[in-house]
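Okay, so here's the structure we're looking at.
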Amino acid sequence: MIKGIWPMVLCMSIISLLLSDEVAAQTEYNVGYGYTYSTIQQAIDSIPANLYGQGEQIVVVHRKAGSAPWVYDENINISSGDHYNASSSDRIRITVDEDDRHDGTSSSGIILDGKINISVNHSVIEWLEIRNSNAEAAIGCAAGSIMLKYLLLHDNNHQDGVGIEAAVNNPNVTIQNCIIYNMNKHAVQSANNAVISIENSTIYNCGDCGIDIRDGSTGHVQNVISMNCTVQDFRNWRATWGTIRNNMSSDNTAPGTNCLYNKTASNQFISLTSGSENFHLKANSSAIDSGYTIINSIDDDIDDQLRPIGNAWDIGADEYGVSSGDPYENWAYSKTLYLNTTSSGANVSQDINNFPVLIRLNASNFNFLQAKGNGDDIRFSKSDNQTAISYEIERWDSANQVAEIWVKIDTVFGNSNIQNFEMYWGNASASSQSNGAAVFSSSYDYEGVWHLDEDGSAQRADATG
């Protein structure tokens, strides 16, 4: 028996589960000057009602005519009455074109003067500035697995104005890298069996509480700054704290271990001047290097910079400093690839180390005209967009528009649907870095790996080198 065959067979059987949709389908609905839709709601209304099997439905918001700020004056409704059968792979995402995103300060990107109501599971909202909502909640969440990230929410002057509310239909909401300030009541409020996770976010100047976890809900709060709120910066009222650690408050209410109390807001942020707030950290902020490393969740900040820049993660939405340059800036195209090991995907409960993942490309999920004819410009990196990942091109047939590529993942995390890595292409000057020996190294107990793709009587190549 040839020992090397067994790892190959095992890898192939598990990979087929991990990446049954190796590059997930997606459809874009573009909003803005020169595009199909003039309002965000028009684009949402064009999304198929039954989301099952549709892949990710992405509403991309672009600038309007003229210079920034670009304001969309509308209320948005992502309703379960209009869209159903959502999942982690068949979901609605509202995002902003990369060239039109805010820089962490007001009026620097796309602005929504209005509110958002969400009752469709797995919805994602990111990169918007939301202001002047004049509603009980700038974002109302009434569904499961909602993701809110890279958002600026401020100045909801409704008498009961809240930034993000999760209180209807047992919602489950994750908030990451958001800045919320100048709310008439609370920045974030949960109730009625909601589960809410708030990570690396910054909250300031709320008329009641910054974070208000209440009435049977559960709050997980990590690396959050909440300051200068009238009643309490953090409050638990007849509710449950989940994972709580490394938070900062201007009073003594920051929950969990390794927290910072009674800190002065003006010592933490660049500007608190009304109308020109800037919640990036000062050089001497107590938040720097005081955070907890949240594994397998987020790895960047509100400026899309890699964490950590210093010796450890910072608390709040901003990671102080400037990260290293982009090694893939000369690649014209990129795509984020996700692994799903939950029960809805591969159903793998434990982590797997040094695992070769198979990527299959075809005409339906990849434009072969954008890459070099033999795939020499293909690259992969970790989600930090910095760290290269070893790969081997088993087949690249641009004429027939098919390709198979093996990518070595250091650790495939069990029971996760958020682990991701990046694929790049579109660089005419790049030379191939395909390396089977780096993917199927003998140090990982591979004694031989044969793809058996040679013609006729040609010698069968061993990918281990």
Self-check item: Phi-based couplings in Hz for region 67-72 (Karplus 6.51, -1.76, 1.60; Gly and Pro marked x)
Solution: 9, 5, x, 10, 10, 9
Quiz item: So what is log10(I(q)/I(0)) for region 87-233 at q = 0.10, 0.21 1/Å, when the Debye sum runs over its Cα atoms only?
Solution: -0.28, -1.36
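For the chain, the longest stretch holding no trypsin sites (Lys or Arg not before Pro) located in a DSSP loop with at most 14 other Cβ atoms within 10 Å is which? Kindly include the intermediate steps, with their values, before the conclusion.
Values: sites that count: Lys3, Arg238, Arg460.
Formally, the longest exposed-site-free interval is 4-237.
I'd like to check one number: the per residue accessible area of the chain, probe 1.4 Å, reported in Å² as a whole number. Could the numbers behind the result be given before it?
On the way: 19690 Å² over 465 residues.
On a per-residue basis, the chain sits at 42 Å².
Using a 1.4 angstrom probe on heavy atoms only, work out the carbon and sulfur share of the accessible area of the chain in %. Walk me through the numbers on the way to the answer.
Working: 8360 of 19690 Å².
The C+S portion of the solvent-accessible surface of the chain is 42 percent.
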Self-check item: Given (i) 79, 48, 41; (ii) 110, 105, 54; (iii) 89, 54, 47, the label whose value is Cα extents along the principal axes in Å derived from this model
Solution: (i)
Quiz prompt | Residue-by-residue Karplus 3J(HN,Hα) for region 338-349, coefficients 6.51, -1.76, 1.60, Hz, glycine and proline x | solution = 10, 10, 10, 10, 6, 5, 7, x, 6, 6, 9, 8
Quiz item: Given +1 on the Cβ of Lys and Arg, -1 on the Cβ of Asp and Glu, and no further charges, what dipole in debye does region 282-384 carry about its Cα centre, rounded to the nearest 20?
Solution: 520
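Counting only helical runs of four or more DSSP H residues, what would the 222 nm mean residue ellipticity of the chain come to if each run contributes -39,500 (n - 2.57) and the total is spread over all its residues?
Details: 3 runs with 24 residues, N = 465.
One gets -1500 deg cm²/dmol as the mean residue ellipticity at 222 nm.
Give the shape of region 335-415 as rounded, prolate or oblate, defined through the alpha-carbon gyration tensor: a ≥ b ≥ c are the square roots of its eigenvalues, a/c under 1.5 means rounded, and otherwise the shape is prolate if a/b is larger than b/c and oblate if not.
Details: a/c = 2.29, a/b = 1.71, b/c = 1.34.
Cα axes put region 335-415 in the prolate bin.
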Exercise. Report, to the nearest 10°, how far helix 5-18 tilts away from the longest principal axis of the Cα atoms in the chain, using its own Cα long axis and a range of 0 to 90°.
Key: 40
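With a cap of 13 neighbouring Cβ atoms within 10 Å, and only residues DSSP puts in a loop, list the chymotrypsin sites (Phe, Trp or Tyr not before Pro) found in region 226-317.
Numbers: sites: Phe234, Trp237, Trp241, Tyr261, Phe269, Phe279, Tyr292, Trp313; in loops: Tyr261, Tyr292, Trp313.
Answer by residue number: Tyr261.
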Self-check item: Among Ala332, Ala346, Gln305 the positive-end extreme of the charge dipole of region 247-378 (Cβ point charges)
Solution: Ala346
Quiz item: Among Lys64/Lys185; Lys115/Lys282; Lys64/Lys335; Lys149/Lys263; Lys64/Lys115; Lys382/Lys408, which pairs are too far apart, with a Cα-Cα distance over 21 Å?
Solution: Lys64/Lys185; Lys115/Lys282; Lys64/Lys335; Lys149/Lys263
Practice problem: Considering the options Leu369, Asn169, Asn156, tell which one lies farthest towards the positive end of the dipole of the chain, charges being +1 on Lys and Arg and -1 on Asp and Glu at the Cβ, about the Cα centre. | Solution: Asn169
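Let's test the formula: R0 of 41 Å, r as the Cβ-Cβ distance of Thr27 and Ala312. What FRET efficiency results, to the nearest 0.05? Don't skip to the answer; put the middle values down first.
On the way: r = 40 Å, r/R0 = 0.97.
Taking R0 as 41 Å, the efficiency between Thr27 and Ala312 is 0.55.
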Quiz item: On full extension of the chain, what length is gained from Asn435 through Asn347, given 0.36 nm per residue of separation minus the C-alpha to C-alpha distance?
Solution: 28.7 nm
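Given Cα pairs under 8 Å that are at least 6 residues apart, what percent is the relative contact order of the chain?
Numbers: 1279 pairs, mean separation 45.4, N = 465.
That works out to 10 percent.
Taking the Cα centre of the chain as the origin, how large is its charge dipole in debye, to the nearest 20, when only Lys and Arg (+1) and Asp and Glu (-1) carry charge on their Cβ atoms?
On the way: 25 positive and 55 negative charges, 161 e Å.
The dipole of the chain has a size of about 780 debye.
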Self-check item: Inter-site label distance for Asp99 and Asn362 at 7 Å from Cα along Cβ, in nm
Solution: 3.4
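The values are calculated or read from the model by the stated rules, or taken from the named source; none is laboratory data. The shown structure was predicted, so the numbers you read here are calculated from the model rather than taken from an experiment. Ideal geometry is used to build each Cβ from the backbone, glycine not excepted, and the neighbour counts take in all protein chains shown. To get the accessible areas, we keep the full protein, side chains included, count just its heavy atoms, and leave off ligands, DNA and RNA. Shrake-Rupley method; radii C 1.70, N 1.55, O 1.52, S 1.80 Å.
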